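The values are calculated or read from the model by the stated rules, or taken from the named source; none is laboratory data. No experiment lies behind these values; they were computed from the predicted model shown. So basically every Cβ, Gly included, is an ideal-geometry build from the backbone, and we count neighbours across all protein chains shown.
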Amino acid sequence: MHLVDYIGAGPIFKTATKPDKKPVGIQWIKTLRAEFPTIPIVGIGGINIVNATSVIHAGADGVACITAVTQGDPIKEVVAQL
């Protein structure tokens with residue numbers, strides 16, 4: 001039994017949403033996955049269409065994309081691509 005539903009990990013990449021935070025990189029996802037193999041991990045921070053796959057391949061179960069979606073043109077297509 002674990003006490004958390006998921007781990008939100010980030011910022012993975014540089015992000016305009018939190019410019020004062022240093023990116024932790026996708027290695028952080030790999031580290032968390034090794035330490036917590038049964039807890040879902042969601043990568044957040046600077047994730048977009050180009051780099052989302054690398055976060056998933058590193059071991060994340062999902063990604064959270066704020067700017068990529070809200071600034072997408074059109075938003076519906078960006079969401080479908082992600």
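Values for this structure:
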| read-out | value |
| --- | --- |
| Residue in segment 60-76 that is touching a helix residue (DSSP H, G or I) at 6+ places or on another chain (Cβ under 8 Å), at pLDDT below 95 and loosely packed, with under 13 Cβ neighbours inside 10 Å present | yes |
| Pick from segment 37-48, criterion over 10 Å from Ala9 (Cα atoms) and surrounded by 14 or more Cβ atoms within 10 Å (Cβ to Cβ), ranking: farthest from the chain's Cα centre (by Cα) | Ile39 |
| Unmet requirement for Pro23, which otherwise passes all of (1) surrounded by fewer than 17 Cβ atoms within 10 Å (Cβ to Cβ); (2) touching a Leu at 6+ places or on another chain (Cβ under 9 Å) | (2) |
| Search result, residues across segment 35-56 that are touching a residue at least 24 places away in the same chain (Cβ under 8 Å) and not in a loop (DSSP other than H, G, I, E, B) | Ile41, Val42, Gly43, Ile44, Ala52, Ser54, Val55 |
| Qualifying residue in segment 18-29 (condition: in contact (Cβ under 8 Å) with a residue 24 or more places away in the chain, under 26 Å from Ala80 (Cα atoms), part of a loop (DSSP other than H, G, I, E, B) and among the aliphatic types (A, V, I, L, M)) | no |
| Of residues in segment 1-20 being among the β-branched types (Val, Ile, Thr) and in contact with a strand residue (DSSP E or B) (Cβ under 8 Å, 6 or more places away or on another chain), the one surrounded by the fewest Cβ atoms within 10 Å (Cβ to Cβ) | Ile7 |
